[in-house]
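Each value in this text was obtained by applying a stated rule to the coordinates, not by laboratory testing. Being a predicted model, the structure only gives us computed values, none of them experimental. Cβ: placed from backbone, ideal geometry, glycine included. Neighbour counts: every protein chain shown.
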Amino acid sequence: MGTIARFLQKIKSFARTQEFEDRYIIFLIIISGFTGFLLGRMSTKSPIMPLVEVKGEILGESTPRTVETAEKEVVDRQRPFLASKNGTKYYPSDCSGANKILTENRIWFETEEDAVIGGYERSLTCK
């Protein structure tokens, strides 16, 4: 019997052992876990989505905006306070609570006095 035939015979006899079955099952479990992990990583969205301008709209947001409304927002952001037209509180523009207000519901104020005069009170979550 040649050396190759003996080597193949050793592989076949090892494949029939309990040790081979145990290693094979462990290998399958590891590969399954690794595959599941990679599929999970690939299915999540990136936390930072760049804004891309295509045909006058900015993508990456729930509601498309035209270039004109985006420019208006830049002007509005120069005002330091904002509120929701549906709410009763106003927020500093750098507050995390302010970012939760939908763009179409935002009302901007130049001063806190303007917000109070408008009938809003400062949110206690933002200091």
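Each peptide in 117-125, 81-89 receives the mean, over its residues, of other Cβ atoms within 10 Å, and ordering these scores from highest gives 81-89, 117-125. Computed from point charges on the beta carbon alone (+1 for Lys and Arg, -1 for Asp and Glu), the dipole magnitude for the range 3-43 about its Cα centre is near 200 Debye. Amide H contacts of residue 89 (H built 1.01 Å from N, in plane; Pro and chain starts excluded): 84, 121 sit under 5 Å, all sequence-distant by 5 or more or on other chains.
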